[in-house]
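Before I ask anything, let me first share the structure, which is written out below as structure tokens.
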Amino acid sequence: MGHGASRLRRLGHEVAKFGAVGGAGVLVNLLVFNLVRHVTDLQVVRASVIATIVAIVFNYVGFRYFTYRDRDKTRRTREMTLFLLFSAVGLVIENGVLYAATYGFGWDTPLQNNIFKFLGIGIATLFRFWSYRSWVFRALPAHEAVADAESILKGERARRSRAGQRVP
């Protein structure tokens, strides 16, 4: 299998893991949104912003510890700052769609609220996928990955030679 096919397979795997976490995040978002709408008198966009924030926290944990657990973890403060920045942009995109539908077009039934909340999530998700993989959860640079692999191999060789085993 060629290098291109391998890269494509890795990207497909990444998209699947991103989708699993993101799909669960969409459910959290919609459940919290409808719960807040049901138990409070908050305006639709305010309820949506609360739900989006809950989903952002849920997604960070899922992305860091599942989707991108193999990525560089040395700059956690930078990672979290960028995650929150891009998540905030996603929040504006997502809730801007809902705001425009509700207040711009007067589409304000519970069904319409959920349709435009979901549509906003979809548009914001495209932005989030690109920004998270490009800027937040960056892959280890190739030379660092090679250095890490070499140090693991050296450690294994040293362990084997101390144990009296033949070392390649």
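Any read-out appearing in this document is the output of simple, stated calculations on the displayed coordinates, not a laboratory observation. Because the structure is a prediction, the values reported are computed rather than measured. Neighbour counts are summed over all protein chains in view; Cβ atoms, including those assigned to glycine, are modelled from backbone coordinates with ideal geometry.
Can you pull the one-decimal nm distance between simple spin-label points at residue 57 and residue 109, each 7 Å off the Cα toward Cβ?
Inter-label distance under the simple model: 3.4 nm.
What does the extension gain come out to for residue 84 and residue 15, with contour length at 0.36 nm per residue minus their alpha carbon separation?
Gain on stretching residue 84 to residue 15: 22.8 nm.
Just to verify a number: FRET efficiency for residue 138 and residue 5, C-beta to C-beta distance, R0 = 22 Å, to 0.05?
FRET efficiency, residue 138 to residue 5: 0.40.
In what sequence do 133, 10 fall when counting other Cβ within 10 Å, fewest first?
Ranked by crowding around the Cβ, least crowded first: 10, 133.
Counting only the backbone N, which residues of the stretch 95-121 are under 13 Å from the spot 7 Å out from the Cα of residue 45 toward its beta-carbon?
Taking a point 7 Å out along Cα→Cβ of residue 45, the residues of the stretch 95-121 whose backbone N falls under 13 Å are 95-107.
Quick one: plug the Kirkwood hydrodynamic radius of the stretch 1-67 (C-alpha pairs) into Stokes-Einstein at 25 °C, 0.890 mPa s, and report D in µm²/s.
183 µm²/s
Working out 0.36 nm times the residue gap between residue 100 and residue 66, then minus their Cα-Cα distance, what length gain in nm do you get to one decimal?
Net length gain for the segment: 8.8 nm.
Return the tail of the calculated pair distribution for the stretch 42-147, meaning the percent of Cα-Cα pairs more than 25 Å apart.
Here the tail beyond 25 Å accounts for 30 percent of pairs.
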